[in-house]
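Each value in this text was obtained by applying a stated rule to the coordinates, not by laboratory testing. From a predicted model like this one, the values you see are computed outputs, not experimental measurements. Neighbour counts are summed over all protein chains in view; Cβ atoms, including those assigned to glycine, are modelled from backbone coordinates with ideal geometry.
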Amino acid sequence: MTDKKLGGAGLRGQIAGQTALCTVGKTGSGLTYCGYDIADLAENTVFEEVAYLITKGGELPNQSQLDEYSSKLKTLRGLPDALKTVLENIPADAHPMDVMRTGCSFLGNLETEKDFFEQDHHIDRLLAVLPSMICYWYKYSHESVKIETETDDDSIGAHFLHMLSGEKPAELFEKVMHVSLVLYAEHEFNASTFTARVCASTLSDIHSCISGAIGTLRGPLHGGANEAAMALIEKFNGPDHAEEEVLGMLGRKEKIMGFGHAVYRESDPRNVIIKKWSKQLSDFVEDQKLYAISERCEEVMWREKKLFCNADFFHASTYHFMGIPTKLFTPIFVMSRLTGWAAHVKEQRGNNRIIRPSAEYAGPDARTVVPIQERS
Ligand code: COA
């Protein structure tokens, strides 16, 4: 009620700080990282180049810088024994985002950031080790297998798929993982990034900033939407069934996860890119049904509500076609968005003042305490 007067509920449209990392809904196709359009990056870079761009000062690496960076990340994939023990004690029915949050936080006890001069090392370490963490827990808790997390795969996406399936992934799968991780890497002052910045503004450590961001991303209105979209589309037996059910949901004013956006108004520039790869994968794995269902949902939502797919909707079928269990969809988002969070933490630290907004008071008028025995 009162915050509508202050410019809209949920702080919509409020400028809450400056960033040199990203624009959303402004130039190019609608999303840029450090001046590069997302379509250009998704087409012409691998994820490690984008991770370098975002976390190491805003320039793309040259070949030798990329080689050195990728090699360093490969050496940082191992899990300390104490962390393996913690992961082995988390039950199979735990929420995978809770596993990541706990894993990140626990690592902060083992490898504490004692000085901000160490921040780049801790960021590299988290980027390399988060996929190991989630896969180790998943394979141990679901299949009783203690996997080797130090694979020789060149990329983070291939490393992740390799740990899950036990085999080196197909070239197409590795390419799609690059695209997906690039698309999710950074998104300005979204809820989880803002959480990381608020935490950083108190001069807290990097593991606290990232653990808080993971907790924020966990919610279905933010990162959890790709899993919710999968749960929806896999219920349908074909496009006509999907149309009928989606119309019913809209009639009951239910939300369809993977549609709409807080900033974009007509389309999410990431959708057109991931949708193309979802189609390619559907041909590759010879599964046309899920893609056709997804397309029909997209048509119905636009026709009925002028609501468009955000990045999450076609990610659901994309990940499914690569054999990734649905419960690991949001953790992949973490593996990627870590770069954006970390870069914002660095940016906040570089020009810091504690973030402390004010509230408009909407409570009772001033009053005095009535002695307890006289209260009704
Ligand atoms: N399904 C059905 N209706 C939706 C919808 C969806 N996915 N997204 C928005 N709407 C409706 C809202 O309920 C609202 O209706 P109302 O005016 O009758 O209340 C209207 O469309 C306008 O909503 P808007 O102001 O654009 O949304 P928001 O900024 O408050 O919220 C999201 C943005 C992303 C949280 C919202 O679109 C949503 O919940 N989407 C589903 C979750 C999701 O995919 N999240 C990932 C985001 S990347």
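A few points about this structure:
- Vicinal HN-Hα couplings computed from phi for the stretch 144-154 (Karplus, 6.51 cos²θ - 1.76 cosθ + 1.60; Hz; Gly/Pro x): 6, 10, 8, 7, 7, 9, 9, 7, 9, 5, 6
- Residues of type aspartates and glutamates that residue 26 reaches as a straight line, Cα spacing below 13 Å, ignoring anything fewer than 8 places off in the same chain: 37, 188, 266, 268
- Cα gyration tensor, the stretch 17-100 - rounded (a/c under 1.5), prolate or oblate: oblate
- Think of each Lys and Arg Cβ as +1 and each Asp and Glu Cβ as -1; about the Cα centre, that makes the dipole of the chain roughly 1460 debye.
- Paramagnetic label zone (point 7 Å from Cα along Cα-to-C-beta, residue 172; backbone N under 17 Å) in the stretch 308-346: 315-324
- For the chain, taking a cut-off of 4.7 Å between Cβ atoms, the unpaired cysteines are 22, 34, 104, 135, 297, 309.
- Reachable aspartates and glutamates, given that their alpha-carbon falls under 17 Å from the alpha-carbon of residue 114 and they are not under 8 places away in the same chain: 124, 205
- Within the shell of other residues whose beta carbon sits under 11 angstrom from the beta carbon of residue 352, the net charge comes to +3, with Lys and Arg scored +1 and Asp and Glu -1.
- Gyration tensor (alpha-carbon) shape descriptor, the chain, a/c threshold 1.5: rounded
- Peptides 101-108, 282-289, 352-359, 20-27 ordered by packing proxy, namely the average of other Cβ atoms within 10 Å per residue, highest first: 101-108, 20-27, 282-289, 352-359.
- Pairs over the 29 Å Cα-Cα cut-off, from the set 175/305; 72/275; 276/306; 146/289: 175/305; 72/275; 146/289.
- 3J(HN,Hα) along the stretch 332-342: 5, 4, 4, 4, 8, 5, 3, 5, x, 4, 4 Hz, from the Karplus curve 6.51 cos²θ - 1.76 cosθ + 1.60 with θ = phi - 60°, whole Hz, x for Gly and Pro.
- Per-peptide average of other Cβ atoms within 10 Å, ordering 337-347, 198-208 highest first: 337-347, 198-208
- Along the stretch 288-304 the Karplus relation, 6.51 cos²θ - 1.76 cosθ + 1.60 evaluated at θ = phi - 60°, assigns HN-Hα couplings of 8, 5, 5, 5, 5, 4, 4, 4, 5, 4, 4, 4, 5, 5, 6, 4, 7 Hz to successive residues, with x for each Gly and Pro.
- Per-residue Cβ neighbour rank within 10 angstrom, fewest leading, 161, 250: 250, 161
- Test item: Cα-centred dipole of the stretch 1-126, Lys/Arg +1 and Asp/Glu -1 on Cβ, debye: 580 debye
- Cα gyration tensor shape for the stretch 113-175, rounded if a/c is under 1.5, else prolate or oblate: oblate
- Estimated FRET transfer efficiency when R0 is 35 angstrom, pair residue 75-residue 299 (beta carbons, to 0.05): 0.15
- A simple spin-label model places the labels of residue 255 and residue 110 3.5 nm from each other, with each point 7 Å out along Cα-to-Cβ.
- Neighbour net charge for residue 48 - beta-carbon separation under 13 angstrom, K R +1, D E -1: -4
- Between residue 66 and residue 285, the C-beta separation translates, for a Förster distance of 41 Å, into a calculated FRET efficiency of about 0.85.
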